[in-house]
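The values are calculated or read from the model by the stated rules, or taken from the named source; none is laboratory data. Everything quoted here is computed from the prediction, not taken from an experiment. Using ideal geometry, Cβ is built from the backbone for each residue, glycine included, and neighbour counts are taken over all protein chains shown. Areas reflect the complete protein model, heavy atoms only, side chains present, ligands, DNA and RNA absent. Shrake-Rupley method; radii C 1.70, N 1.55, O 1.52, S 1.80 Å.
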Amino acid sequence: MNYAKVPRELIYKDRHFLEEFGTDEPYTLNCELAQLMRQYLLSKFMRNNYRDILLDIFNEAYYLTTILLIDDNAYDNLPVYFSSVLRSNPYSEDLSKAIKKMVVALCYIYMEVPAKETIIFSTIRQHLRHYASEFIYMRLEVRNRRCPSPKEFAPVKLTEELLNAINWEKHTDGFKQERVKEFLDYLGQTKKEKRLLVKAIYIQLTNTDNLSSRTYTIDSFLLLRYREYGGSTWDFVNVQQEKLTDEPQLREILSYPDLGKVLHEQMMYKEKIQTLEGEKKILEESNQQLKRQLFELQVQFKQQQAKTLTEKEQKHREEQLQAQIEEMKKIISTLKGKLGNKAIQLKYIVDSIKNKAVFVGLKEAYELFELINSMLCEEPVWIENRHELQDFFKECKNKSNTNQTIMGDYVVSKHVKHEVSSVSAGGTGVIVCESDENIEE
């Protein structure tokens, strides 16, 4: 709600003396702020009536702070609130600009009090700081002084006398229901205050000379709201009776005992009609809501249907992929079988190791055997045939324990360290011997 359109007296009660802000109490926040502003006014404008100016500044600052704290939509209304400061302006243009900036600077300082630190609230304070940057230095000068209590920025308490003094026909644009509803929603802290507000508007509605504004809708609306706030229908009947008693020609009619009953029944009928209209509106809204829900369910059904089809397609793809994997496994297994069963020509390897034992030495031949064994340890053909070489080395080891003379084509040394017999079918072997002395050829 734009609180700039609300009568000022319903938000803040202006003070008539500067001392009412505590400016005469030494070392208080407002006292030091008043001294800083007085020094500025005397140095810049040479104004001796600084007390009247300071009174206006403090009243405007308290009023603006109160509005910003009660308006949940204050950020959007901030430009309007800035322009509403110092509406009745008796000062020069330069002085007026300085006064407005000082008002905003005070508002920036006062708004440190509430525990209402939200993002929007912080943004508003940043706007205040930017608008009144020329006077933000005052915050540093009074940083050790305690701010006024948040209670000082609470809206005024609504009373019957205060509400009856407002021209509601003017402020509600001729008792328009939208404007009346806005006031009822945002003004009044308690149900009692709201009841007083409804009654004040209703009394002026019944007393207006513009009878065309007394539409059935606003009349019933006010009665319904009055009952929501805990009021009785008889209060409105009494208002009508008081209006009728002002007419001398109707006093005799009022003497009939059933008149109050008739008026009460009339109000009750209006209330019932209003209730039925409200129920009709609720039913229409429920119907619209059900239509939206039906549409959402249809959309969800179609999405679920598409999802189910997608899941079936995905499952079919997975089955196809699994079948391909199985087929590939079979092919790989077949290839492995073919490769595994393929005869590896080991004759060359076996002969090479045996020849190395004969011509180089048994030790070097065994190291070569270990190396080749580590390389071919997983080959099935090697595993099946390596026992031939293992048996060969075992036989050589047994014979190397004793010195032995080899007949035929073999040459024997005195000190034999390694001894090899002929193992290849039909072949001859050479025993490689080493002695402690050098062997001449």
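Could you list all residues from segment 1-42 that are polar (S, T, N, Q) and part of a loop (DSSP other than H, G, I, E, B)?
Here is the first cut: in segment 1-42, the ones polar (S, T, N, Q) are 2, 23, 28, 30, 35, 39.
Within segment 1-42, 2, 23, 28 qualify.
Has segment 128-144 got at least one residue that is part of a helix (DSSP H, G or I), at pLDDT below 85, under 21 Å from residue 67 (Cα atoms) and within 34 Å of the chain's Cα centre (by Cα)? Steps first, please.
Of the residues in segment 128-144, the ones part of a helix (DSSP H, G or I) are 128-131, 133-135, 137-141.
Checking which are at pLDDT below 85 leaves us with none.
No, there is no match, as no residue in segment 128-144 is part of a helix (DSSP H, G or I), at pLDDT below 85, under 21 Å from residue 67 (Cα atoms) and within 34 Å of the chain's Cα centre (by Cα).
Select, from 84, 122, 96, the only residue that is open to solvent by less than 60 Å² (accessible area, probe 1.4 Å) and in contact (Cβ under 8 Å) with a residue 40 or more places away in the chain. First the steps, then the outcome.
Numbers: 122 fails: in contact (Cβ under 8 Å) with a residue 40 or more places away in the chain; 96 fails: in contact (Cβ under 8 Å) with a residue 40 or more places away in the chain.
Among 84, 122, 96, only 84 is open to solvent by less than 60 Å² (accessible area, probe 1.4 Å) and in contact (Cβ under 8 Å) with a residue 40 or more places away in the chain.
Restricted to segment 179-200, and to residues that are in a loop (DSSP other than H, G, I, E, B) and open to solvent by 30 Å² or more (accessible area, probe 1.4 Å), which residue is nearest to residue 14 (Cα to Cα)?
189
Every residue in segment 161-178 that is open to solvent by 30 Å² or more (accessible area, probe 1.4 Å) and within 42 Å of the chain's Cα centre (by Cα), please.
171, 173, 176, 177, 178 - these are the residues of segment 161-178 that are open to solvent by 30 Å² or more (accessible area, probe 1.4 Å) and within 42 Å of the chain's Cα centre (by Cα).
Quickly run through segment 354-384 and pick out the residues that are over 26 Å from residue 399 (Cα atoms) and among the hydroxyl-bearing types (Ser, Thr, Tyr).
374, the sole residue that qualifies.
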